[in-house]
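Colleague: Just dropping this structure here.
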Amino acid sequence: MCIMWLPLLVVLGLILLYRWYRQSQILENLTDKYVFITGCDSGFGNLLAKQLDKRGMKVLASCLTETGAENLKKETSSRLRTRILDIGDSKSVSSAAEWVSSIVGNEGLWGLVNNAGFGLTVAPNEWQTKEDFSKVLNVNLLGAIDVTVHLLHLVRKARGRIVVVSSAAGRLASIGGGYCPSKFGLEAFSDSLRREMRDFGVKVSIIEPGAFKTPACMVVDVYRNNLNRMWERLPAHIKESYGEDYFKQYIKILEALPVISSPKTYKVPDCMEHALTAVHPWTRYSPGWHSKLHDIPLSYLPTAISDYWLGQFTPKPASRTSADEKSKGH
């Protein structure tokens, strides 16, 4: 029986060996290449900027705040340059694009990393307003598109790389609000862009991380305050439908986020770096076991199964509880 399986195991081993060899090939002359990264105040963008700077690459790092920019300068070489950028503001994006163009000149821009994001309005959809949704979409989706469109001609000139930081939540919508729609939108934009850029020699990679211990996942107080704000402004009839217990359970879910988040934050910038420096980058990267073994596999299952599974971890509204009790009474 073992002998029958031996040829299959040999073939599988050779395929894996070939894939490893192919993906381990790294480009030469990386120190000549410019990379522009958004969202470098903290988190993945900050880690990547430091990582590429140590590699000797020419890093152009945009930050939302002066403090973020100054702190990054202190921890990197003189090669790294910073720029204040609010990707939700078109004038700021246009100005930053001119700045990048003036630096890279005829060399073009080898790498564009769309990393900046916003995701603090986590709450049930019905609790949110159009403004709550647009605040997230304007940064995560429209801001990233704006940056890309402004810099695309420079990336084409270098026949370079575009790296888009999406999320496992861009494959499986497990929370309400604008975060998941923004990430689903990034997936669609990146897919269409990859196909359009293929003949120009530009490669587009999508990063789909799970939960990691970045500042965005650790600010539980901010999440809690936003949820409180939304709950307090709800009409009485909606509050009654959901119930106080639903609200409290939702807060517990948010408080658990730092606990379930992985401390191995280096995995995400490692994927970004590979997408920028490998001869054959992957189309998609899914750093973190939560992404690899839960969110993405679950997204492929029949809807009934994924809905049932996710439903085991979500609060139950008061209206449903009352209905269940009535049905039991009959």
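Colleague: So in the range 231-247, with the set limited to residues that are without any contact (Cβ under 8 Å) to a residue 12 or more places away in the chain and closer than 25 Å to Ala216 by Cβ, which one is most open to solvent (accessible area, probe 1.4 Å)?
Modeller: Glu232
Colleague: Name the single residue, out of those in the range 100-120 being crowded, with 22+ Cβ neighbours inside 10 Å and not hydrophobic (A, V, I, L, M, F, W, C), that is nearest to Gly178 (Cα to Cα).
Modeller: Taking the candidates together, the pick is Gly117.
Colleague: Got a number for residues in the range 121-155 being open to solvent by 10 Å² or more (accessible area, probe 1.4 Å) and within 22 Å of Ser92 (Cα to Cα)?
Modeller: So the answer is 15.
Colleague: Which one of these does Ile305 not meet: (1) in contact with a Leu (Cβ under 9 Å, 6 or more places away or on another chain); (2) farther than 30 Å from Gly56 by Cα; (3) modelled with pLDDT of 95 or more; (4) open to solvent by less than 30 Å² (accessible area, probe 1.4 Å)?
Modeller: (4)
Colleague: It is to be established whether one or more residues within the range 172-184 are at pLDDT 95 or above, within 20 Å of the chain's Cα centre (by Cα), among the basic types (Lys, Arg) and not in a helix (DSSP H, G or I).
Modeller: No.
Colleague: Then there is this: So for the range 1-16 (the condition being touching a helix residue (DSSP H, G or I) at 6+ places or on another chain (Cβ under 6 Å) and either hydrophobic (A, V, I, L, M, F, W, C) or buried (at least 19 other Cβ atoms within 10 Å of the Cβ) (or both)), does at least one residue qualify?
Modeller: No, the range 1-16 contains no residue that is touching a helix residue (DSSP H, G or I) at 6+ places or on another chain (Cβ under 6 Å) and either hydrophobic (A, V, I, L, M, F, W, C) or buried (at least 19 other Cβ atoms within 10 Å of the Cβ) (or both).
Colleague: When residues of the range 42-66 are filtered for being open to solvent by 20 Å² or more (accessible area, probe 1.4 Å), over 18 Å from Gly117 (Cα atoms) and out of contact with any strand residue (DSSP E or B) (no Cβ under 8 Å at 6 or more places or on another chain), how many remain?
Modeller: 4
Colleague: Would you point out the residue of the range 255-284, among those that are part of a loop (DSSP other than H, G, I, E, B) and in contact (Cβ under 8 Å) with a residue 60 or more places away in the chain, that is surrounded by the most Cβ atoms within 10 Å (Cβ to Cβ)?
Modeller: That would be Thr265.
Colleague: Can you say whether Pro287 is in contact (Cβ under 8 Å) with a residue 60 or more places away in the chain, touching a Cys at 6+ places or on another chain (Cβ under 9 Å) and either surrounded by 13 or more Cβ atoms within 10 Å (Cβ to Cβ) or not β-branched (Val, Ile, Thr) (or both), as far as the supplied structure shows?
Modeller: yes
Colleague: Tell me whether the range 191-200 contains one or more residues that are open to solvent by 20 Å² or more (accessible area, probe 1.4 Å), of a type in the set (S, T, N, Q) and without any contact (Cβ under 8 Å) to a residue 40 or more places away in the chain.
Modeller: yes
Colleague: Can you find a residue that is closer than 20 Å to Ser167 by Cβ, in a helix (DSSP H, G or I) and either in contact with a Cys (Cβ under 8 Å, 6 or more places away or on another chain) or not β-branched (Val, Ile, Thr) (or both) anywhere in the range 207-215?
Modeller: yes
Colleague: When you check Glu28 against the structure, is it acidic (Asp, Glu), open to solvent by 60 Å² or more (accessible area, probe 1.4 Å), more than 22 Å from the chain's Cα centre (by Cα) and farther than 23 Å from Arg156 by Cα, yes or no?
Modeller: No: the conditions fail for Glu28.
The values are calculated or read from the model by the stated rules, or taken from the named source; none is laboratory data. Keep in mind it's a predicted model, so treat the numbers as computed, not measured. Note: ideal-geometry Cβ built from the backbone for every residue, glycine included; neighbour counts use all protein chains shown. Heads up: the accessible areas ignore ligands, DNA and RNA and are worked out on the full protein's heavy atoms, side chains in. Shrake-Rupley method; radii C 1.70, N 1.55, O 1.52, S 1.80 Å.
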